[in-house]
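Note sheet for the following structure.
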Amino acid sequence: MDIKKKLSEIIALHTESSGFDAGFISNLISVPPDEKLGDFALPCFRLAQKTNPKLVAEDLREKILADSENAGFFSEIRVVGAYLNFFLNRGEISREVVSEVLEKREKYGRSGEGRGKTVIVEFSSPNIAKPFHIGHLCSTAIGSSLSRIYDFLGYDVVKINHIGDWGTQFGKLISAYKRWGDRDAIAADPINELLKIYVKFHAEAKEHPELEDEARHYFKLLEDGDPEVTALWRFFVDASLNEFNRMYRLLDISFDSFAGESFYSDKMPEVVDILEKEGLLEESDGAKVVRFDDPNMPPCIILKSDGSTIYATRDIAAALYRKRHYDFYKNIYVVGTPQTLHFKQVFSVLAKMGYTWSSDCVHVGFGYVRFPDRALSTRNGDVVLLEDVLKESIAKTREIIIANGTADQIDDLDKACEIIGVGAVLFEFLKNGRERDIIFDFAKMLDFDGESGPYVQYTYARGRSVLRRAAEAGITFGDADLNLLCEDNEYAVVKVLEKLYGTVRDAAAKNEPYIVTRYIIELAKAFNKFYNSTNILRSEPDVRAARLALTDACTTCLKETLHLIGVGVVEKM
């Protein structure tokens, strides 16, 4: 049930003669800062046009109350100055919302608005033969969540991992492997072994600069398709992907395509040809560039002075391929904010090429990850490996559960610690607006009483515990009278449940998963307040049934929305 939508339609029915439709009305409606002022408020200034807005409010109130179709929906409508304050019938709203949740279950809040439309989400995109560090989790967590959100709204989602698997660094790797490589060691520990010989290459190249020429030679052989060199490159890529996929499985993330930079190597000449035919390429210090009308935006380099391509060329080729292959409705790039100019240039080049769909390409940026201290083990300088963070979170979760004395109550402690520990990390990354830097603090992240993943997971487990105890006592609630859910703390939970519809749409419109995360926190707080103020199982039988139904609805929505941010649940904590 979308209450705001229904209210907008009711009001619009009595204002349509003046040209005000439901969409216009919806933008005017707000939630008062104090619930004593009502559930919703409508300012009538813009509806009044040249008349007295207070008179318009009074007239509209009479018309709405006189309409028999609205019987039972409102408990009261007040005129306060130029405002109409709507008090909804708590029992009726509770009945409609909770019954809809229990009927639809995991489909509650879903919509078909995206049916027939394809949304591409490019995210994660680590570099082959380099560590999967904590910074990669920003793109990975945000992209995975956006994929789930768009899928929830009915879109056909294509998840692309645009891996960094091309470039001169592979010439260096091939040279290094031929000198110091151990195939078995690389297969066993690909990232560390490849990084080791890559670092050694750079150290040796300082003393023997001719190694750089050798590396360029090997990359040229790779570009030309030399069988031996290509087989080595394939081995590096496959070994690295096997390692990355370990992390993806732990995070419960999958992809539809791993088409990385190499996939577009044979598609870039077309980009250059089109730009030349359109007269968009200009020479600049030997390079070929596309200039823009905006004097504040530097030219976009398409070909370097040596004739080689760069990231922009590959991204333009990728966009062309994706439009032709997927005919996307939206093409989203989840890449850090430092790349804002790069994507602005790429999208602007596409527009100059005459592709109107360039406006459907969207860069979703994010901030940096910072640590208040350096207590974590690190390798390779300042790199903090994602695997280290996840292992540390899982280990700390186990310590907390054992210290709390609840370990014996959990059927599979290892699995529970993994779900809670990994969920805590993901929740922390998606708790605030994506462009804000993340201050990574284990103490706050694993706080069972704070705004954290474990806090919400514990809320879910608490609700499920109540339902289990009811079932064990033979208490059922299938025919509960949901109109009884009228007390303040009960109705507060109902109101949050109802907001799920608008929350997910808002998150998609703004490409902001944190909007869902904040909703989850709000729902958990509302349920805990209800739980702590009410002895659910000792209530009168009819009230108890209604409260159990509300508990069931709340845990259903917690599980559903946690899934949207990639966080799992456990039945016991």
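Summary table below
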item	result
Residues located in the stretch 124-154, provided they are part of a loop (DSSP other than H, G, I, E, B), out of contact with any His (no Cβ under 6 Å at 6 or more places or on another chain) and among the hydroxyl-bearing types (Ser, Thr, Tyr)	SER124
Whichever residue in the stretch 122-156 is free of Cβ contacts under 8 Å to residues at least 60 places away in the same chain and closer than 22 Å to PHE427 by Cβ and, among such residues, is surrounded by the fewest Cβ atoms within 10 Å (Cβ to Cβ)	ASP151
Yes/no for PHE328 being surrounded by 14 or more Cβ atoms within 10 Å (Cβ to Cβ) and part of a helix (DSSP H, G or I)	no
Hits in the stretch 299-325 - residues which are β-branched (Val, Ile, Thr) and in a helix (DSSP H, G or I)	THR313, ILE316
ALA424 vs. criteria out of contact with any helix residue (DSSP H, G or I) (no Cβ under 8 Å at 6 or more places or on another chain), in a helix (DSSP H, G or I) and of a type in the set (Gly, Ala, Ser)	no
Residues satisfying the stated conditions in the stretch 336-375, i.e. part of a helix (DSSP H, G or I), within 22 Å of SER139 (Cβ to Cβ) and charged (D, E, K, R)	LYS344, ASP360
Close pairs from the stretch 388-407: first assigned to a helix (DSSP H, G or I), partner among the hydroxyl-bearing types (Ser, Thr, Tyr), Cβ under 9 Å, at least 6 apart	ASP388/SER377; ASP388/THR378; GLU392/SER377
Boolean, ILE186 is under 30 Å from ILE120 (Cα atoms) and assigned to a helix (DSSP H, G or I)	no
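The rows are residues; the columns are (1) at pLDDT 95 or above; (2) over 14 Å from the mean Cα position of the chain (by Cα); (3) under 24 Å from THR555 (Cβ atoms).
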| position | (1), (2), (3) |
| --- | --- |
| ASN70 | no, yes, no |
| PHE73 | no, yes, no |
| GLU76 | no, yes, no |
| PHE86 | yes, yes, no |
| VAL97 | yes, yes, yes |
| SER111 | no, yes, yes |
| GLY143 | yes, no, no |
| ARG148 | yes, no, yes |
| ASP151 | yes, no, yes |
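The values are calculated or read from the model by the stated rules, or taken from the named source; none is laboratory data. Remember, predicted model here, so these are calculated numbers, not experimental data. Glycine gets a Cβ as well: all are built from the backbone with ideal geometry, and neighbour counts include every protein chain shown.
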